[in-house]
Amino acid sequence: MTTRMTDFQAQLLQGIPEQLPAKRPYPKNGNPAPKRKDILSKEEKKLAVQNALRYFPKAWHAELAHEFADELKTYGRIYMYRFKPEYDMYARAISEYPAKTHQAAAIMLMIQNNLNPAVAQHPEELITYGGNGAVFQNWAQYLLTMKYLATMTDEQTLHMYSGHPMGLFPSSKEAPRVVVSNGMMIPNYSKPDDWEKFNALGVTQYGQMTAGSYMYIGPQGIVHGTAITVMNAFRKVLDKNDSPKGKVFLTAGLGGMSGAQPKAGNIAGCITVCAEVNPEAAKKRHEQGWVDELLVDLQLLMVRVKEAIANQETVSLAYIGNVVDVWEHFYEENIFVHLGSDQTSLHNPWAGGYYPVGLSFEEANTLIVEHPAEFKEKVQESLRRQINAINKHTAKGTYFFDYGNAFLLEVSRAGGDVMAKNNIDFRYPSYVQDILGPMCFDYGFGPFRWVCTSGDPKDLQKTDAIALEVMKEIKAEAPEEIQQQMQDNIKWISEAEQNKLVVGSQARILYADAEGRSKIADAFNTAIAKGEISAPVVLGRDHHDVSGTDSPFRETSNIYDGSKFTADMAIHNVIGDSFRGATWVSIHNGGGVGWGEVINGGFGMVLDGSEEASNRLKKMLFYDVNNGISRRSWARNKEALFAIQREMDRTPNLRVTLPNLVEPNILEDLF
C-alpha cells in the first residue's frame, strides 16, 4: 500500500471518530429509502435506541439518544446519518486503501463500490438495491468494518452479523478473511413483519443477494442474465428465421437490478417498454445510458411504440408512470406484446417495492406511512388489475414470464386470476423454469463476475480479451448440448465494452460453466503474475446461480422432486467454498423473492498472481458450480444429468450419487 498517509486513509483507520461530528441535514438531492413500518412498542423503541448507542462513548449518549429517537420516528430506522463519512464514496484503486493485506483492501474496495451513489439505490441509508438490500444497517457499522479491514492480518477473520462487525478472530492464511451472514432468523421468526421489527431494533438486516455480500456491480450484474432470458424467450415464440426487431417486450421497474432490462432489450434487438413510477430512478437510468428515451405521456407512448414497430426499431423506452396503465392501454390500442414480464420489487410489496395504479408516487409514499392497511388494499387491487390485463394479452399470444420478483406469488395472495387449472401451479412460468434453469443452471452456466481493482479500464479490456479467447477455445471442443450457450456468451463478451455496461467499478459479468470459470480465472491469475494486468482481480458471482441459492419460486423453481423448499444446497455451498479457498463467504435469508422465501449464499475471491491463488480458484470454483449441478441431477433434471456425468468422466476424484430413473407406467394405479 502507499507509504504516505492520506486524509482518506486516516479516516478509514480511525473507525468511530474521536470527536463527535456535527449533525448534518439530509442532502437535498438524496433519494431516501421509503419510511419503514412503525412496528415497535414504546419499550422496544427504547431498546432500539439503546442498541444504537452502544457503538459510541457514554459522553455522547444524551445528545445522540434524542437524535436516534427522531430518526426512528421519522424514517422507521436508525441510520446514524451524522456519522456518514464526508469523503466521496466510490471504489478507488486498491493501492489507495490502508490495509495489511491486499485481500482486505479488495474487500474495502467492493464495499465502497456497493455504496457508490452511482451504483446504490438509497446510498444515504446504505441500501444498494431492491428497496431494502443493505450493506450495513447504519454508518457506525460501516466505520468499524472499514477499520477492522484496514488493520487485519492474513491470519485473522472478520465475522459479520447482519451488518454488525462482531470482530477479528484468529484464524489462518487458508481461512476466509471475512464471513458474512444476513438475516439468519429462527424459522418461526422469518415473516415480513419479523424483518420490520428486528431490523428496526438494529439486530438484523436484509442483505438482498449481492448487496450484503459486497458483490453488487451495478445493473450490468443482471443485464447478462436478462439478455439471455429475453433472447431465448424470443427464440421460443418466433419462427427460426424471424428477428426480435420491431417486437415489443413490456415490463416494469428501473430502480435497482431492474434497471438492466432496457439495456438487455437493446442487446436482444427488440423494442423494450419499461414503466417506472419513480421519476428519479427513470432519469438516473437515462443519464447512465441504460435507457434510450423517456416519456411521461401515455398517449405519446402509444404513438412512439407504433412508430417503432412500423420501423422495426431496436429501442428502449422508459414510461414514467404505472405499468398497469400501459398493459390496459396497449390492449385497447391493439398493440401486440410479444414478451411480457415484471421486475418491480414485489418481495417488498408493502414498503415501496410495488406502487398501486391510480396514485402518484408521492401520494403512494404518504399512504405507506399514514395508512398502511389502505396501501396494502390498493396494492392488491392493482395486482388484480394488472393480471387481468396480462391475461387478455396472453389470450392473444403474448408470452408472459415471471422474472423471479414474486410477482405471481403476490398476485395469487391478492386473489388475482393467476392459478393454473390444477389450482396448484401458476398459469405462467418463472423464467428460471422455462429458460435459465434448463438452458443454463442445469448445465452449470451462471453469472460469473470479476472486478479489476486497479480501476483502470485497460485492465478490464485485457480481461475481456482473455475471457473471449478462453470461450472460443472451449467452444471449439464443446458438445452440441451447450453450443448455443457458448455462442451467446462469446457474443456477450465480444460486445461488452461497446455496450457500455460499467457503472462504478471496472467490473464485468459473463455466464460461464465450471470449466469456463476456472480457465478464465487461471488465465487472469497468470496475466497478473506477468504484469499484463496491473493489480489483483476480485472474482465473484451473483447468488442467482447454479448452486448458491435455494429459492422455490426462482432459482430452484425447476426442481420437481419435492425438494425445492429445502435449503441444504445453499448452506453446503457456503461451507464448501469457505475451506476451498474463498476470500470471503456470505449466507443470507431473503433476496430477490423476499424475506423468509429464500436462502442464498455467495463468495468473493482475490486473485493476486500467486501459485496459491491458482490452486485455490481451481478447487473452489469447481465445487461452487458442481455442488449445484449434483443437486439438480439428483432431482432428475436431464440437462444436469448430462452435465454431471460429463464432469465425472473428466474428473476422476468426483463421484456423485445419480438417480435411477423410474418408468412412468410403474407408478400407475399405485394409489
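General remarks:
- Unique residue being modelled with pLDDT under 95, surrounded by fewer than 19 Cβ atoms within 10 Å (Cβ to Cβ) and either of a type in the set (Asp, Glu) or in a helix (DSSP H, G or I) (or both) when the list is 306, 263, 283: 283
- The residue of the stretch 367-412 that is surrounded by the most Cβ atoms within 10 Å (Cβ to Cβ), among those that are over 22 Å from residue 597 (Cα atoms) and polar (S, T, N, Q), is 386.
- Residue that is nearest to the chain's Cα centre (by Cα) [pool: residues in the stretch 222-266 that are β-branched (Val, Ile, Thr) and farther than 18 Å from residue 446 by Cα]: 251
- For the stretch 34-53, a residue qualifies if it is closer than 27 Å to residue 143 by Cα and β-branched (Val, Ile, Thr), and exactly one does: 49.
- Consider the stretch 273-308 and keep the residues that are touching a strand residue (DSSP E or B) at 6+ places or on another chain (Cβ under 7 Å) and of a type in the set (Val, Ile, Thr). The one that is nearest to residue 116 (Cα to Cα) is 291.
- Among the candidates 67, 86, residue that is outside any loop (DSSP other than H, G, I, E, B) and surrounded by fewer than 19 Cβ atoms within 10 Å (Cβ to Cβ): 67
- Out of 62, 99, sole residue that is at pLDDT 95 or above, open to solvent by 10 Å² or more (accessible area, probe 1.4 Å) and assigned to a helix (DSSP H, G or I): 62
- Residues being open to solvent by 10 Å² or more (accessible area, probe 1.4 Å), of a type in the set (D, E, K, R) and either free of Cβ contacts under 8 Å to residues at least 40 places away in the same chain or out of contact with any Phe, Trp or Tyr (no Cβ under 9 Å at 6 or more places or on another chain) (or both) are represented in the stretch 243-259 by at least one member.
- Scope the stretch 11-46; condition small (Gly, Ala, Ser), surrounded by fewer than 17 Cβ atoms within 10 Å (Cβ to Cβ) and in contact (Cβ under 8 Å) with a residue 60 or more places away in the chain; matching residues: 22, 30
- Single residue of the stretch 142-157 satisfying the filter (under 23 Å from the mean Cα position of the chain (by Cα) and either without any contact (Cβ under 8 Å) to a residue 60 or more places away in the chain or open to solvent by 10 Å² or more (accessible area, probe 1.4 Å) (or both)) that is nearest to residue 581 (Cα to Cα): 145
- Any pair with Cβ under 7 angstrom, 6 or more apart, that starts in the stretch 215-238 at a residue that is of a type in the set (Gly, Ala, Ser) and ends at one that is assigned to a loop (DSSP other than H, G, I, E, B): 218/119; 218/503; 218/504; 221/210; 221/542; 225/544; 233/401
- Contacts under 6 angstrom Cβ, first residue in the stretch 374-401 being within 24 Å of residue 351 (Cα to Cα) and in contact (Cβ under 8 Å) with a residue 40 or more places away in the chain, partner buried (at least 17 other Cβ atoms within 10 Å of the Cβ) and of a type in the set (Val, Ile, Thr), 6 or more apart: 382/324; 382/357; 385/324; 386/324
- Filtered residue count, the stretch 497-533, keeping only those that are within 15 Å of residue 465 (Cβ to Cβ), over 19 Å from the mean Cα position of the chain (by Cα) and in a loop (DSSP other than H, G, I, E, B): 5
- Checking each residue of the stretch 233-241 against the condition of being open to solvent by 30 Å² or more (accessible area, probe 1.4 Å) and either modelled with pLDDT of 95 or more or among the acidic types (Asp, Glu) (or both) gives at least one match.
- Lone qualifier among 609, 596 - being at pLDDT 95 or above and either outside any loop (DSSP other than H, G, I, E, B) or surrounded by fewer than 24 Cβ atoms within 10 Å (Cβ to Cβ) (or both): 609
- Residue in the stretch 442-458 that is β-branched (Val, Ile, Thr), in contact with an Asp or Glu (Cβ under 9 Å, 6 or more places away or on another chain), surrounded by 15 or more Cβ atoms within 10 Å (Cβ to Cβ) and assigned to a loop (DSSP other than H, G, I, E, B) present: yes
- Being crowded, with 20+ Cβ neighbours inside 10 Å, closer than 18 Å to residue 635 by Cβ and within 21 Å of the chain's Cα centre (by Cα) is a description that applies to residue 573.
- Whichever residue in the stretch 413-426 is in contact (Cβ under 8 Å) with a residue 12 or more places away in the chain and open to solvent by 30 Å² or more (accessible area, probe 1.4 Å) and, among such residues, is nearest to residue 646 (Cα to Cα): 426
- Search result, residues across the stretch 386-430 that are among the aliphatic types (A, V, I, L, M), assigned to a helix (DSSP H, G or I) and modelled with pLDDT under 95: 408, 409
- Residue count for the stretch 326-347 under the criterion of being touching a strand residue (DSSP E or B) at 6+ places or on another chain (Cβ under 8 Å) and either farther than 23 Å from residue 388 by Cβ or outside any strand (DSSP E or B) (or both): the result is 11.
- Only one of the numbered conditions (1) under 27 Å from residue 232 (Cβ atoms); (2) open to solvent by 40 Å² or more (accessible area, probe 1.4 Å); (3) modelled with pLDDT under 95; (4) in contact with a helix residue (DSSP H, G or I) (Cβ under 6 Å, 6 or more places away or on another chain) is not met by residue 350, and that is (1).
- Residue list for the stretch 309-325, restricted to those being over 12 Å from residue 386 (Cα atoms) and either open to solvent by less than 10 Å² (accessible area, probe 1.4 Å) or in a helix (DSSP H, G or I) (or both): 309, 310, 315, 316, 317, 318
- Within the stretch 621-655, restricting attention to residues that are under 30 Å from the mean Cα position of the chain (by Cα) and among the β-branched types (Val, Ile, Thr), the residue that is surrounded by the most Cβ atoms within 10 Å (Cβ to Cβ) is 625.
The values are calculated or read from the model by the stated rules, or taken from the named source; none is laboratory data. Predicted model, so just to flag it, every value in this text is computed and none were measured. FYI the Cβ positions are ideal-geometry reconstructions off the backbone, even for glycines, and counts take in every protein chain you see. Side chains included, ligands, DNA and RNA excluded: accessible areas come from the protein's heavy atoms. Shrake-Rupley method; radii C 1.70, N 1.55, O 1.52, S 1.80 Å.
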